[in-house]
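*Asks:* Below is a structure I'd like to ask you about.
The values are calculated or read from the model by the stated rules, or taken from the named source; none is laboratory data. The model shown is predicted, which means the values in this text are computed figures rather than measured ones. We place every Cβ from the backbone using ideal geometry, glycine too, and count neighbours over all the protein chains shown.
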Amino acid sequence: MATITASDLGKDVAGRPLLRGVSFRLERRDRMTIAGRNGAGKTTLLRMLAGETPIDSGELSLAKGTRLALHDQRPPRERSLTLRDYVLSGCTEAVALEAKLTDLETKMGEGDQRAVEAYANVQARFELAGGYNWRDRVTDIVFGLGFHERDLARSLDSFSGGEMTRGSLARALAGSPDVLLLDEPTNHLDIESLEWLEKTLVELDAAIILVAHDRWFLEAVGTCVLELEAGRSRFFSGPWHAWRTEQAAREMALGRSIQKQKLEIERMEKFVERFRAKASKAKQAQSRVKALDKIERVTEDPRDRRELGFKFSAPERSARVVFELEDGRLEVPGRTLLHDAALWLERGEHVSLVGPNGSGKTTLVRALTGEQELTAGQLKTGHKVSVGGDSTSGNDGERRR
């Protein structure tokens, strides 16, 4: 039996259709990736499936007792909780069953026969929820996502936005859901944590629906693809690379069909223009006019070819050396992030900063852009070098190449 089934789901936003006819069926251990351009409705669909956004049409069916968990980019509402309490709040079933067992044990000690009969059933459910080692499993999840023992007792409001996002992901995983909904789970993960997440999701005994922009991650995790295009959906059973190949073939076939139809229309229009006024060809010309009116034009949906309405102007040519850093040192309260750092960057070079979370990548970028002073050392910027960048998100975005 399918864990989750969506039939002809629809959603309107501001009176306009965003999604129409979204349908799919997932078994346990299926991993469906949602593909589509920005604004296609990927995040909205996840929230519809989680019950956080109303479904305007269609039907969503879940197997009896199915538990869902959603991880998205919204920060936790309750910031006064510790990281430990926040993550454990996603384990409502395990917490409730553990409390129930404790209560039944007390009653059995008092000679309550009904408690003895109920205990075996509750214990079996508790084992399915993780058993007596469930707290250790939750701790492993937290550590796998880059946190440390000292972080567990920290209040959420002491973490950065990226760290709270990782905490939200830990909370979703900790609850052992039957359906896991993930919106950009790779954000704010370093390479080690990303590889841990890939392995965990591949092994997880649950159906997974996810949105991500990391092609390596999608290829490693996904087993099928739901494509959202012009408000409609198309389900593809197969890995990410196979869907991309099939999508490219469809686009090429569509392009050929458009070109073929365009040439045929031009030929018919020329005939009409040439022979409309000639009595001997008037009927044939009129017949082609009617045929032109009946042609269903093959076109691309304009929503699928929207582009940003600006262009980057060509920068003024700078000196050959862009940055030169010598004996660089960066410190934050209680920690030295970098010492004796050296960097020589020439025009046209591309550098990736690689390292675990908290190693100082974002801080170094801020120093290079002038947002933060070096603790020590010397940074030289080349002649006519214009520096720009975005270091506000704290999202490392690094990936093996």
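*Asks:* From LEU46, LEU104, grab the single residue that is farther than 27 Å from VAL179 by Cβ and surrounded by 15 or more Cβ atoms within 10 Å (Cβ to Cβ).
*Replies:* Of the residues listed, the single one that is farther than 27 Å from VAL179 by Cβ and surrounded by 15 or more Cβ atoms within 10 Å (Cβ to Cβ) is LEU104.
*Asks:* Does VAL272 fit the bill of being surrounded by 13 or more Cβ atoms within 10 Å (Cβ to Cβ), free of Cβ contacts under 8 Å to residues at least 24 places away in the same chain and hydrophobic (A, V, I, L, M, F, W, C)?
*Replies:* yes
*Asks:* Also: Examine region 168-175 for a residue that is outside any helix (DSSP H, G or I), of a type outside the set (A, V, I, L, M, F, W, C) and within 22 Å of ASP205 (Cα to Cα), and state whether such a residue exists.
*Replies:* Taking every residue of region 168-175 in turn, at least one turns out to be outside any helix (DSSP H, G or I), of a type outside the set (A, V, I, L, M, F, W, C) and within 22 Å of ASP205 (Cα to Cα).
*Asks:* Hey, among ASP214, ASP190, ASP205, which residue is in contact (Cβ under 8 Å) with a residue 60 or more places away in the chain and more than 30 Å from THR66 (Cβ to Cβ)?
*Replies:* ASP190
So that you can scan it fast, the table gives a plain yes or no per residue for (1) in a loop (DSSP other than H, G, I, E, B); (2) farther than 19 Å from ALA174 by Cβ; (3) of a type in the set (A, V, I, L, M, F, W, C):
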position: ALA6; (1), (2), (3): no, yes, yes
position: ARG25; (1), (2), (3): no, yes, no
position: GLU78; (1), (2), (3): yes, no, no
position: THR106; (1), (2), (3): no, yes, no
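*Asks:* Can you go through VAL87, VAL95, VAL122, VAL116 and tell me which one is β-branched (Val, Ile, Thr), modelled with pLDDT of 85 or more and assigned to a helix (DSSP H, G or I)?
*Replies:* VAL87
This table checks each residue for (1) farther than 22 Å from GLU184 by Cβ; (2) touching a Leu at 6+ places or on another chain (Cβ under 7 Å).
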residue	(1), (2)
LEU46	no, yes
GLN73	no, no
LEU83	no, yes
LEU88	yes, no
CYS91	yes, no
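*Asks:* Given the structure, is ARG150 part of a helix (DSSP H, G or I), assigned by TED's automatic domain parsing to the domain that holds LEU169 and over 21 Å from PHE24 (Cβ atoms)?
*Replies:* Yes: the conditions hold for ARG150.
*Asks:* How many residues are surrounded by fewer than 22 Cβ atoms within 10 Å (Cβ to Cβ) and assigned to a strand (DSSP E or B) if we restrict to region 212-227?
*Replies:* Step one: list which residues in region 212-227 are surrounded by fewer than 22 Cβ atoms within 10 Å (Cβ to Cβ), which gives 212-216, 219-220, 223-224, 227.
Next cut, assigned to a strand (DSSP E or B) only: 224, 227.
Result for region 212-227: 2.
*Asks:* Out of all the residues in region 244-260, is one or more within 19 Å of the chain's Cα centre (by Cα) and in contact (Cβ under 8 Å) with a residue 24 or more places away in the chain? Show your work before the answer.
*Replies:* Going through region 244-260, the residues within 19 Å of the chain's Cα centre (by Cα) turn out to be 244.
Now restrict to residues that are in contact (Cβ under 8 Å) with a residue 24 or more places away in the chain: none.
Looking for residues that are within 19 Å of the chain's Cα centre (by Cα) and in contact (Cβ under 8 Å) with a residue 24 or more places away in the chain, one finds none in region 244-260, hence no.
*Asks:* Is at least one residue of region 254-275 under 30 Å from ALA35 (Cα atoms) and at pLDDT below 75?
*Replies:* Scanning region 254-275, I find at least one residue that is under 30 Å from ALA35 (Cα atoms) and at pLDDT below 75, so the answer is yes.
*Asks:* For ASP12, are the conditions met, namely being under 30 Å from SER233 (Cβ atoms), out of contact with any His (no Cβ under 6 Å at 6 or more places or on another chain) and surrounded by fewer than 17 Cβ atoms within 10 Å (Cβ to Cβ)?
*Replies:* yes
*Asks:* For region 364-385, state whether one or more residues are within 30 Å of ALA220 (Cβ to Cβ) and at pLDDT 75 or above.
*Replies:* Within region 364-385, one or more residues are within 30 Å of ALA220 (Cβ to Cβ) and at pLDDT 75 or above.
*Asks:* Then there is this: When both residues are 6+ apart or on different chains and their Cβ atoms are under 9 Å apart, which pairs have a first residue that lies in region 5-18 and is at positive phi, and a second that is of a type in the set (Gly, Ala, Ser) and surrounded by 13 or more Cβ atoms within 10 Å (Cβ to Cβ)?
*Replies:* These pairs meet every condition: ASP8/GLY21; ASP8/SER23; ASP8/SER57; ASP8/GLY58.
*Asks:* Going residue by residue through region 169-186, is there one that turns out to be modelled with pLDDT under 90 and among the hydrophobic types (A, V, I, L, M, F, W, C)?
*Replies:* No, region 169-186 contains no residue that is modelled with pLDDT under 90 and among the hydrophobic types (A, V, I, L, M, F, W, C).
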